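Below: the structure, in C-alpha cells.
Readers should treat all values here as calculations from the given coordinates under stated rules, not as data from a laboratory. The shown structure was predicted, so the numbers you read here are calculated from the model rather than taken from an experiment. Cβ placement follows ideal geometry from the backbone for every residue including glycine, while neighbour counts extend to all protein chains displayed.
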Amino acid sequence: MSNQTMAVQISPVQTTVNGKAVTIQAEPDTPLLWALREELGLTGTKFGCGVAACGACSVHVNGEIMRSCSVAVADVEGKSVTTIEGIGGVDGTLHAVQQAWIDAQVPQCGYCQSGQIMAAVALIKNTGRPTHAQIDEAMTNICRCGTYPRIRSAILAATGQAAAKGDA
Amino acid sequence: MADNPTLDIEAATPSKRKGVKRRMFLAGGAAIIGGGLFAMGYADRSARSGAMALTTGKGESSFLGWIKIASDDVITLYSPHIDFGQGSQTALAQMLADELDAEWTKIIVEQAPSHMGFANVALGRAFLSEMVGAGIIGALPTSMISLAARAMPLQVTGGSSAVRATGQYGFRVIGAATRAALLDEAASRLDVSVSELTANNSIVTHSKSGKSLRYGELAEGAAQRNLNSETKLKSREEYKFIGKPVARMDIPTKVNGTAQYGIDIMLPGMRTAAIMMAPVRGGKLQSVDAAPAMAINGVEKVVSLDDAVIVIAKGYWQANKGILALSPKFTDGGNAKISSASILADQMKLNNAGAKIAAPAGGKLLMSEFQTPFLHQAMMEPFAMAAHFKDGKLEAWGGTQDPLTARKMLAEAAGIGFDDVTLHVTLMGGGFGRRFPPYSQILGQVVAAAKAVPYPVKLIWSREEDVKHGAYRPQVAARLQGGLGKDGKIAKWASDYSQNDDAAAEGTVPYTIPEFEARHHPYISNQVNAYWRSVNASQHGFFNESFVDELAHLAGEDPYQFRRKHLPAGSRHLAVLDTAAKRAGWGSPLPAGTGRGIAIVESFGTIVAEVIEATIKEDGTPKILRAFAVVDCGTTVNPLNAAAQIEGGIIMGLSAAVGEAITLDSGTVQQSSFPDYPVMSLADAPPVIDVHFIESGAKMGGIGEPGLPPAAPALANALFAATGKRVRNLPILAQAMA
C-alpha cells in the first residue's frame, strides 16, 4: 500500500453496548453507526442517509433515542448504547414492541424497521401511552414502503390502546 | 438426488429466439426495450440438473428444481422472486401448499440461486404473449412456451407478477403435479387405487386400511415418476391457504436486526468503498489527483472509472472521507444546458403539435395541461454490493430485481464467462424499479473495485450519490382535450403526452367514450428513464383521473356520479367505484375547507378506486385526513399482505404527489438527500387506510403496484373540492395552495 502517511491517533473508546462492556478501536470522529456495524458487527442498525434525516440508524444512548450516523463514537465514551439486537431478552424473547410489530405485520422491505422499533421503544418509555399527536411528533423515521398506518397501530396495540392483529 | 424422467412442464432444449421484448410486462403492457434472449449454451436438462445439484442434498428429493421434499417432511420452495417486502414469497408458499395439500408449518421458502436452472418459466408462460404477440403464442404448445421462457435469464421481480404469473402458472401447477406423483407412489406402495387415497397435511392416507405414508417417505419414489402439468387444479372452494390471512415468513428477522441486506455483508479481510460519479449525467472523469484521499487514514486505493472515482478503505467512514477529499474533474458530456424547464418547454411544444379537437355540437370543450417531474425511487437501502475477484472468477453479494441478468452483467463487466460468476442474492432494502440490472450502475462499479484489489470489497453508495444518480421515472407533460356532448357525457377525448416510451396501455381510461385518442410524442432526455413503482400508470392515472374530474365540473356534475355514467352497467369497474364511494361515505357532509376526491385506475390487471379526504393547512400544505381503497385483483392470496401493499402504494403515491421532485439545472440534479427530496413522514400520511377487496374471481391481477396510481388524482381532486384550485402540476408543494 502506498499510504505511508502518518496514522491518525486512534484512541480506544470504552463503552457499553447491549449490556456488554466493549472497547471500540476507531478514530474519534467515526460515527457510532459505522463503529457498531463495522467494528462490532451489529448490522441491524442501518445506514440510510448519514445526515440524521431518515432515522434508519436509530439507537438508544443512555436510554435516549439518537441517530447514530450523527453521533461521534468519542461521544459515547462511558455511556450505554442499545441497538435493535439488544432490546429483547437475552434468551431471545422479543420486546413487546417487536411482538407488536409482528402482530400488526408492520415490516415490508424491513430496512427502516430497526430504527422505527428503537424510536417506538423510546417513545413508549417516555410517554407510557402515547397519543396520536405524540406518535406523529416522535415517529419521524422515514419508511419508503409506507408502513406508517401499521407502525401507528402497532404502537397503540403495544400500549394497550387498540387490538390490532394485522389491522391497520 | 432424484430427478423426474419426463417433464412436460419444462422443455428439453432452449430456444434461441431473438428479439423478444422481455420487459414488456413490467410496464403493464406498454412496449419497452427488447431485451432479447440470452444466448445460453445450456441444454435445459443440464441447467436443471445443475440447479438441483446446488439445492438438493442427501435425503431430499427435488421436483423440477423448484421444490424439494426432505425425508423429515420439510418442503422447501425456491422462489425466483426476490423479497423486498411485497410478501410474494409467503403468497407463493400458500399457493403451493393448497395444491400440494402440504403441512403449512413445514414449508420453508428460500431464494432461488441465480442459476439458469431457476429461470422463471412461469413468468414466461404468463407474459410471453405480451412479449412475442398473442398470435405467435396461440400457435405454440405449452412445452414450447416453457422452452422459450427457459432460454431467457428471467428471474425478474417486478410488474406485480409473482402471484398472478409465478404462482398461478408455476407453483400451483408444480404443487398439483407433485401431489399426483406422491399419490401415485403411495398407491403403488400400498397396492391400492389412487381414488381410495386422500392427502392432507403432507400425509397420504388410505382410510379403508387405516394406513398412511408421509410425504417425506414418498418423496424419493415420487420424484422418479412423471409429472403432468395438466393435473387438475383445485377450485376456489377447496382452498385452505389461498385467500386466508397468513403471517409473512420474512417478518420475524426484520424486527430483530438479523435480516441480511447487501449492505450487511461482512467477509474476512473485506474493505469498504465509496464512490463519486460525474455530476452531469453523460459526463466523464477527466482527471483526479488521488493524493488527498490517500492521505486519509485507512484509505488504501483510489480507482478511476470512466465516469466515476472510487475510494477503497478499511471502513466506509474512511472511504467516504477519502471521496470528500478528492477534487475530480468531470466533463459534462454536452448536457450542461439541460434543465427541467427546458425539458418541459420541449415537451409542451411536442404536445401542442397534436391536433385540436372541435367542441361536439351543442356541447362544451376543455383543454388542460399537466406536468409531472422526474421521480426517484428512494429505496431506503442505498446501492450496496460486495465482490471478490480471485483467480479469474468473481463472487458477488447483494440484492437485485433480476439475479440472472445481474449475474450476466457482472460477467460482462469482469470480462469473464457467466459460469465464472457466483452471485449470492440478499434481501433488498426496497427497490421500486431501481434495482433492475440495466439501471444498476453498481454492478459495473463493484466489479471495477474488486478487480483493483486482491481482497473482497463492498461498495456502498452515499445517499447523495443515490439521489443524484438515480434512474428516475421520466419527467412527463400532457395536454388533454375533452368534449362534452349535449347530453353532458364525454363525447370526445384526445390526449397528447410527451415522454420516453409509448404508454398506450396506461393512457386509456375505463370509461365509454365514443371518440378516444391518445398520442405519444417521444422525448428522450439525458436522464435514464427507468421504472418507478406502477411505472406509466402513475402519471397517466394522474392526468386522466384529474381531467375526468375537470370534465365533471364542466358538466356541473358530482365527480362520482359523472364517472358512474361512463362505466358500463354490471362492470367490475362500476362495482369497485360504487363500493369505494359507499365505504367512504361519499356525499356525506364534511367540515368547511375539507374536500373529498375520487379516482379509479386499472393497472397490472387490477382495478383500484380510492377516495381521499383532505384539507389545506394554515401553512398552505395539504393535510390528508382519511383514505379509502377498494380493490378488485380477482382473488387475493394473502389479504393481510395485499392490504399492506395497497396501503404502501397509496402512501408512496401521496408522497410523490405532495412533495417529491427531481429537478435538473445546468444538467445537474438539484436534490441530494431526504431534506430536499421529502419522502412522506408518518405524521403526514393518512393515519388509517381503509382497504377493501372485491373477490370477483376474475383473472388474477397484481397487488404490489396498483394501489399507487389513483392516490395522486384522488388527492388533487379532494383539494379541488376543498379549495376550488385545480392541481395540474406535481408536486403540490411546488405551488401555492393556501
Cα-projected label distance for B:Asp420 with A:Thr127, points at 7 Å along beta-carbon direction, nm: 5.8 nm
Shielding by partners - mean other protein chain Cβ count within 10 Å, residues of A:48-61: 4
Peptide B:635-648, shielding by other chains (average Cβ, 10 Å cutoff): 4
Reduced Cα scattering model of chain A, Debye log10 I(q)/I(0), q = 0.09 Å⁻¹: -0.32
Rg and Dmax [Cα atoms of chain B; Å; Rg one decimal, Dmax integer]: 27.0, 83
Percentage of interatomic Cα-Cα distances in the range B:239-349 larger than 19 Å: 64 percent
Translational diffusion coefficient (Stokes-Einstein; Kirkwood radius from C-alpha pairs) of the range B:307-346 at 20 °C, 1.002 mPa s, in µm²/s: 166 µm²/s
Volume per residue of the C-alpha convex hull in the range B:157-210, rounded to whole Å³: 81 Å³
Per-pair calculated FRET efficiency, R0 = 60 Å: A:Asp75 and B:Lys582 via Cβ, rounded to 0.05: 0.60
Relative exposure of B:Met266, A:Met118, judged by other C-beta atoms within 10 Å (fewest first): B:Met266, A:Met118
Segment B:Asp619-B:Ala736, extension gain: residue separation times 0.36 nm, minus the distance between their alpha carbons: 41.2 nm
Extent along principal axes [Cα atoms of the range B:636-734; Å; largest to smallest]: 51, 32, 27
Value of D in µm² per second that Stokes-Einstein yields for the range B:522-596, Kirkwood Rh from Cα pairs, at 4 °C (1.567 mPa s): 86 µm²/s
Hydrodynamic radius (Kirkwood) for the range B:696-738, which is based on Cα pairs only, to one decimal in Å: 12.4 Å
Averaged over A:92-104, number of beta-carbon atoms from partner chains that fall within 10 Å: 2
Cα Rg, Dmax, the range B:423-465, angstrom units: 11.6, 34
The protein assembly as shown - Rg (one decimal) and Dmax (whole number), Cα, Å: 27.7, 85
Cα pair distances of the range B:67-107 binned at 10 Å [whole percent]: 30, 54, 16, 0
Descending Cα extents along the principal axes, the range B:296-374, whole Å: 78, 25, 15
Full-extension gain in nm, B:Ser287 to B:Arg726, via 0.36 nm per residue minus C-alpha separation: 153.1 nm
Of every Cα-Cα pair in the range B:176-238, the percent that sits beyond 13 Å: 59 percent
Gyration tensor over alpha-carbon atoms, the range B:364-521, equivalent ellipsoid semi-axes in Å: 47, 15, 12
Separation of the B:Thr331 and B:Ala247 label points, Cα + 7 Å toward Cβ, nm: 5.8 nm
For the range B:310-441, alpha-carbon Rg relative to the globular expectation (2.2 N^0.38 Å, N residues): 1.65
Leading residue at positive end of dipole, the range B:245-311 (Cβ point charges), from B:Met266, B:Val309, B:Met276: B:Met266
Extent along principal axes [Cα atoms of the range B:556-630; Å; largest to smallest]: 42, 29, 20
log10 of Debye I(q)/I(0), alpha-carbon scatterers only, for the range B:570-680 at 0.19 Å⁻¹: -1.06
Net dipole in debye of the protein assembly as shown [+1 Lys, Arg Cβ; -1 Asp, Glu Cβ; about Cα centre; nearest 20]: 1040 debye
Bins of 10 Å from zero: percent of alpha-carbon pairs in the range B:347-398: 14, 21, 17, 13, 14, 13, 7, 2
Inter-label distance, nm, simple model (7 Å from Cα along the C-beta direction), A:Val51/B:Glu412: 3.4 nm
